[in-house]
Amino acid sequence: ATTPSFDLEQEIDQTFDTSDVKDEMIHEAVNELTGEIFQTPPVFSAKKIDGKRAYKHARKGVEVKMRTTIVDVRAFDITGIDRVDDCIDVSFRIACSKGTYIRSLAHDLGKKLNNGAHLSALRRTRIGDFKLEDAIHPDDLKTMIADRGFLPVES
């Protein structure tokens with residue numbers, strides 16, 4: 001299925017028959033979306049158009065023309081393909097350049113399959129040198145600061 005925002009922020013606007021989509025086709029399409037590729041950001045994005053965020057235009061129903069840019073998708077690894085009824089749920093891991101829209105990659109994957117697709121979940125695990133596994137939970141951070149005498153611990 002597709003949505004105007006390429007994710008579940010907007011309602012599904014079109015559905016497709018996925019019965020002819022095979023796993024090999026998904027892997028081939030992913031290979032075509034790896035490396036330096038042209039990408040068009042979604043109209044529901046923070047890109048500026050005439051000094052205003054594109055999503056503000058889009059939410060008002062104003063037609064927005066997004067510019068295509070070159071992004072680098074260094075890795076696009078499928079981690080799972082699940083089929084439930086007529087729906088195919090593809091899980092994947094991406095390593096990409098700054099400015100890459102994962103929602104657009106999901107949408108483009110659907111187009112490569114002569115079908116539709118949208119992003120249903122996103123979990124950022126790294127940005128630059130910052131990795132999720134190195135993160136500190138806010139509650140643990142409060143305790144660490146309190147242990148050093150900077151803040152009272154709430155009970």
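Does Ile37 fit the bill of being over 18 Å from Thr2 (Cβ atoms), touching an Asp or Glu at 6+ places or on another chain (Cβ under 7 Å) and surrounded by 11 or more Cβ atoms within 10 Å (Cβ to Cβ)? Taking the combined requirement at face value, the residue does not satisfy it. Cβ-Cβ contacts under 6 Å between residues 6 or more apart (or on different chains), taken from a first residue in segment 1-24 that is over 29 Å from Gly61 (Cβ atoms) to a second residue that is in a loop (DSSP other than H, G, I, E, B) and open to solvent by 100 Å² or more (accessible area, probe 1.4 Å), are listed as Thr18/Asp86.
State yes or no: is Val30 open to solvent by less than 70 Å² (accessible area, probe 1.4 Å), among the aliphatic types (A, V, I, L, M), without any contact (Cβ under 8 Å) to a residue 40 or more places away in the chain and touching a strand residue (DSSP E or B) at 6+ places or on another chain (Cβ under 7 Å)?
Working: open to solvent by less than 70 Å² (accessible area, probe 1.4 Å): yes; among the aliphatic types (A, V, I, L, M): yes; without any contact (Cβ under 8 Å) to a residue 40 or more places away in the chain: no; touching a strand residue (DSSP E or B) at 6+ places or on another chain (Cβ under 7 Å): yes.
It is false that Val30 is open to solvent by less than 70 Å² (accessible area, probe 1.4 Å), among the aliphatic types (A, V, I, L, M), without any contact (Cβ under 8 Å) to a residue 40 or more places away in the chain and touching a strand residue (DSSP E or B) at 6+ places or on another chain (Cβ under 7 Å).
Listed by first and then second residue, the pairs with beta-carbon distance under 8 Å, at least 6 apart or on different chains, first residue in segment 55-67 and among the hydroxyl-bearing types (Ser, Thr, Tyr), second open to solvent by less than 70 Å² (accessible area, probe 1.4 Å) and not in a helix (DSSP H, G or I), are Tyr55/Val43; Tyr55/Phe44; Tyr55/Ser45; Tyr55/Ala46.
The values are calculated or read from the model by the stated rules, or taken from the named source; none is laboratory data. Here the structure is a predicted model, which means the values were calculated and not measured. Glycine gets a Cβ as well: all are built from the backbone with ideal geometry, and neighbour counts include every protein chain shown. The protein model used for the area step is the full one, side chains on, heavy atoms only, and it has no ligands, DNA or RNA in it. Shrake-Rupley method; radii C 1.70, N 1.55, O 1.52, S 1.80 Å.
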